[in-house]
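So the structure is just underneath, and the comments pick up after that.
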Amino acid sequence: MKPVLSVLGTGYLGTTFAACMSSLGFEVIGVDTDTQKVERLSKGELPFFEPGLEEIVIAELASGRLTFTTDFSKAKNADMHFICVGTPQRDDGLAADLKYVFAAVDGITPFLKSGSLVVGKSTVPVGTAQKIRNQLALTAPQVEVAWNPEFTREGFAVEDSLRPDRIVVGVTSDRAEEILKGAYAPLLDIGTPWIRADLPTTELVKMAANSFLATKISFINAMAEVCEAAGGDVTVLARAIGYDPRIGNKFLKAGIGFGGGCIPKDIRAFIARAEELGATQALEFLKDIDSINLRARQRVIEVVRRTLSEDLSGFKIAVLGAAYKPDSDDVRDSPALDIAAQIHAAGATVTIHDPKALVNARKRFPAMQYAQTVEECLAGADLVLHLTEWAEYRSLDPKALSTITKSPRIIDGRNALDRDLWVAAGWKFHALGRANA
């Protein structure tokens, strides 16, 4: 008999995990304190965009395996309770805010049946799992605690959930590991690697992974600065070093840096936790990584000023992209939206287009202008900024677009457009880290 699962927190992570586990044949109860969110999810409506997920939610609701509720008691028969709440950066520093994690634990504690397992999936500072374990030892000694970090990428979350590249579990007993293997049996059957570790190591895995990724992205952006100063081409440099198997070619595309709700706050929380542990020097380099990442945004603004004027008042600038990455409507710490907002604050009229993120962008910055079509966005523009690499932007016809702008000038902040094609169509083209035309 398959175990019954509860998912505590139905944001991006929780909803994706709940729906995908339901699609594997498990009964799943999603629990959240946000009544409006639960009502929408119960009708099959997602409060965010993720390719392919809404169809799964609708199908699983219809199957009866997936339900959403605000009542923690509805999860009393669950064998496993997965904590999937957010861990945002604290307002008073770099550390992660764990209030939602402990609120989820407090909410489910009265309904934990004997022998059940509380499993953390949220990204947390090392030591959090042990704190939860200590708390439950006093309030619910009949349960065990495990940790099981998520590695889903926005835009690929369904693929990453149903065909993950690895499953990492932190457990304190063989029994806990066997219970988790029962939940992940369909994924183990397709050959997914299984890694067992202790609780601290498991908590560190996600932080280490995001820090390494951030380092790689910031490295190539630093190389882009050097290439521009030396007259080199960072795209060729990246391709050349990417053939080295010790380096690899993924995430070596220079641009305006990383953003979103995970990597920036995770590396800052990692720094803060290292300081608490007395290991400050070990992660000192991450402060430079964060700085390089933020500087990439300022470099675009510098190019805008060099192209137009130090005083941006009166200029119309079109921005292609508001989401922090394509195939997402997430604008949290979005480099694209941050650049647009800074340019707007400097006096320019900014019009933004994005296939999915306009609603969220408008909520953040209602004073800027938003266009439903690329043509509307570019009409009369003095300069175009390409800041989120949506596929539809790569397929644009630069010749046709050149006739609707005031001046056919574009800055490719993602190094994703075909420079030769745009130049041939009469555009003045600038890309970070490359010779420009």
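Worth a mention:
- Cα pair distances exceeding 20 angstrom across region 268-334, given as percent: 55
- For the chain, the membrane-span-like helix rule (DSSP H, alpha carbon extent of at least 30 Å along the helix axis, mean Kyte-Doolittle at least 0.0) picks out 199-230; this says nothing about an actual membrane.
- Whole-number percent relative contact order across region 253-348, with pairs defined as alpha carbons under 8 Å at least 6 apart: 36
- With Cα atoms defining each centre, region 243-284 and region 301-321 are spaced 30 Å apart in the structure.
- Relative contact order of the chain: 12 percent, from C-alpha pairs under 8 Å at least 6 residues apart in sequence.
- Semi-axes of the equivalent ellipsoid for region 5-197, Cα gyration tensor, largest first, Å: 23, 20, 18
- Solvent-free Debye scattering, log10 I(q)/I(0), computed from the Cα coordinates of region 254-367 at q = 0.10, 0.13, 0.22 Å⁻¹: -0.36, -0.57, -1.16
- Its relative contact order, with pairs defined as Cα atoms under 8 Å and 6+ residues apart, puts region 207-290 at 36 percent.
- Highest average packing first - 99-109, 39-49, Cβ atoms within 10 Å: 99-109, 39-49
- Longest to shortest principal axis, alpha-carbon extents of region 212-271, angstrom: 36, 27, 17
- Order of M21, M1 - criterion: other Cβ atoms within 10 Å of each residue's Cβ, fewest first: M1, M21
- What the Kirkwood sum gives for the chain is a hydrodynamic radius of 23.3 Å, with every pair of different alpha carbons counted.
- Out-of-range pairs (alpha-carbon distance over 20 Å; input K216/K363; K121/K206; K253/K356; K316/K428; K37/K363; K216/K325): K216/K363; K253/K356
- A convex hull fitted around the alpha carbon atoms of region 300-431 yields 87 Å³ per residue.
- Farthest toward positive dipole pole in the chain [+1 Lys/Arg, -1 Asp/Glu at C-beta], among P366, G9, A348: A348
- Taking only the Cα atoms of region 37-128, the ratio Rg/Rh comes out at 1.01, with Rh defined as the Kirkwood radius.
- Footprinting exposure proxy for E159, E389 (fewest neighbouring C-beta atoms within 10 Å first): E159, E389
Taken together, the values in this text are just the output of simple stated rules run on the coordinates, not laboratory data. Here the structure is a predicted model, which is why all the values come from computation and not from measurement. Quick reminder, even Gly has a Cβ in these numbers, built from the backbone with ideal geometry, and neighbours come from all protein chains shown.
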